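Here is the structure we will look at.
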Amino acid sequence: MSIRIVQFGTSRFLQAHADLILSESSDHKIAMVETTGSAASKARIAAINEHNSFPIAVRGLRNGHEVNETLAVSSVQQGLSAREDYAQLRRIFVDDADYVISNTGDNGFKVPDRTNLSATGWSSFVELLTILLFERFSTNGRPVTLLPCELVTNNGLVLRNTVIELAKHNKPGDTDFLEWLEHQCLWMNSLVDRIVSEPLEPIGAVAEPYALWAIENQTGFVSPAHHEDLVIVDDLRPVARKKLHMLNLAHTLLAQKWIEEQRPKYETVYEILQDPSIFRWLDHLIKTEVVPAFAPDEANAAAYWDTCLERFQNPFLAHRISDIAQNHEAKVARRIESLWAWRSDLVFDGLRAAIRSLETGRHS
């Protein structure tokens, strides 16, 4: 069976999210590509090529019922190193692929100060992608659909613009290639959500039952699969706001409480919510100040919060608050203060009180 999806990234998130969803709902096969050259990435590639599948342990609560099962992912057919297996990667990308998936970390879209669009000189994912897209354009001109999963707002648009700028500066005058990139390839904005708490060795992961892969529709887009956790929406903004201002905001409130009360170093989200007073405090804040910020017909906010609480109370996942508390002030600005800016017509006394010590520290 030919490979129709090239996946840049070997992370446990991709294994437990896109790879699992596609394994459960599609005949498409995936080539998993590592681009960093790290020992961990190469080990996962070697494991893929040694085994026909890998395990995903799904543990948690779904609709009030405990889930504890291990699923076999069979969608990944081949593992490749972008540098060591470039010729094979080029052939698959140019001749076979219909879709490109990526999740390349926080700096995945970063362009180096000095760029090199050659098969041996690239140093970043976006350079490599631009090289391969040019090879495809030059060889057969067949458009491709790109599905970035990086946690970047409008990730498809950002990736498209980054690649086009690279092409402009490194292949000046090639207007046909630029037109092909901008108007024939499909660059899909998407949002992904699933807590994947730990790896299984040599490959595999532990993940919660909840998963969301939301893709913003475009003319001509054909979904790579049909699955209950993969949804196609006309506008991604309500989905993104709901995740940012409810799930992520609640995590940041718990981190604020954890910092202020100097709670146990390795405390998890599950453990802190076993404190009834903290549970009531958080639930009241979200229900009285955050849920009303959403229109009654916008993304079913009240039901979504119930789902968030169920996810937070997953006894299987070691979701440490110390991890959530990293870059805390920036997260407060993005998750809480941006809510105030979005709904400046509302009063958020409880939320303001919750971070008052942080505000006081800023101005002291």
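Output the residues belonging to segment 203-225 that are of a type outside the set (D, E, K, R), closer than 18 Å to LEU186 by Cβ and touching a residue at least 24 places away in the same chain (Cβ under 8 Å).
TRP213, ALA214, ILE215, GLN218, GLY220, PHE221, VAL222, PRO224, ALA225
What number goes with the only condition from (1) crowded, with 22+ Cβ neighbours inside 10 Å; (2) among the β-branched types (Val, Ile, Thr); (3) not assigned by TED's automatic domain parsing to the domain that holds LEU20 that ILE203 does not pass?
Failing condition for ILE203: (3).
Conditions tested, residue by residue: (1) in a helix (DSSP H, G or I); (2) within 20 Å of ARG237 (Cβ to Cβ); (3) at pLDDT 95 or above.
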| site | (1), (2), (3) |
| --- | --- |
| GLN326 | no, no, no |
| ILE336 | yes, yes, yes |
| VAL347 | no, no, no |
| LEU351 | yes, no, yes |
| GLU359 | yes, no, no |
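Is it the case, given these coordinates, that LEU186 is surrounded by 20 or more Cβ atoms within 10 Å (Cβ to Cβ) and either modelled with pLDDT of 95 or more or farther than 30 Å from PHE312 by Cα (or both)?
Considered against the rule, which asks whether it is surrounded by 20 or more Cβ atoms within 10 Å (Cβ to Cβ) and either modelled with pLDDT of 95 or more or farther than 30 Å from PHE312 by Cα (or both), LEU186 comes out as no.
Here's the yes/no breakdown for (1) touching a strand residue (DSSP E or B) at 6+ places or on another chain (Cβ under 7 Å); (2) of a type outside the set (A, V, I, L, M); (3) over 21 Å from SER338 (Cβ atoms):
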residue	(1), (2), (3)
SER223	yes, yes, yes
HIS227	no, yes, yes
LYS242	no, yes, no
LEU254	no, no, no
TRP258	no, yes, yes
THR268	yes, yes, yes
LEU285	no, no, no
THR288	no, yes, no
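Suppose we keep only residues that are among the aromatic types (Phe, Trp, Tyr) and in a helix (DSSP H, G or I) within segment 266-324. Which one would you say is surrounded by the most Cβ atoms within 10 Å (Cβ to Cβ)?
Applying the filter and picking the extreme gives PHE312.
Can you run down the residue pairs with Cβ atoms below 7 Å, 6 or more apart or on separate chains, where the first is in segment 243-257 and part of a helix (DSSP H, G or I) and the partner is of a type in the set (Asp, Glu)?
From residues that are part of a helix (DSSP H, G or I), the pairs are LYS243/ASP193.
Can you give me the ranges of the strands (runs of 3 or more DSSP E) entirely in segment 1-110 with at least 1 residues that are surrounded by fewer than 20 Cβ atoms within 10 Å (Cβ to Cβ) and either out of contact with any Pro (no Cβ under 7 Å at 6 or more places or on another chain) or without any contact (Cβ under 8 Å) to a residue 24 or more places away in the chain (or both)?
The strands (runs of 3 or more DSSP E) meeting that bar are 3-8, 29-34, 54-62, 65-73, 76-81.
Within segment 302-324, which residues are β-branched (Val, Ile, Thr) and within 22 Å of ARG237 (Cβ to Cβ)?
THR307 - this is the single residue of segment 302-324 that is β-branched (Val, Ile, Thr) and within 22 Å of ARG237 (Cβ to Cβ).
Condition first: more than 15 Å from GLU271 (Cα to Cα), of a type outside the set (A, V, I, L, M, F, W, C) and in contact (Cβ under 8 Å) with a residue 24 or more places away in the chain. Now tell me which residues in segment 288-342 satisfy that.
Result: THR288, GLU289, PRO292, GLU298, TYR304, THR307, HIS328, GLU329, LYS331, ARG334, ARG335, SER338.
The values are calculated or read from the model by the stated rules, or taken from the named source; none is laboratory data. Note that the structure is predicted; figures quoted are calculated from it, not measured. Ideal geometry is used to build each Cβ from the backbone, glycine not excepted, and the neighbour counts take in all protein chains shown.
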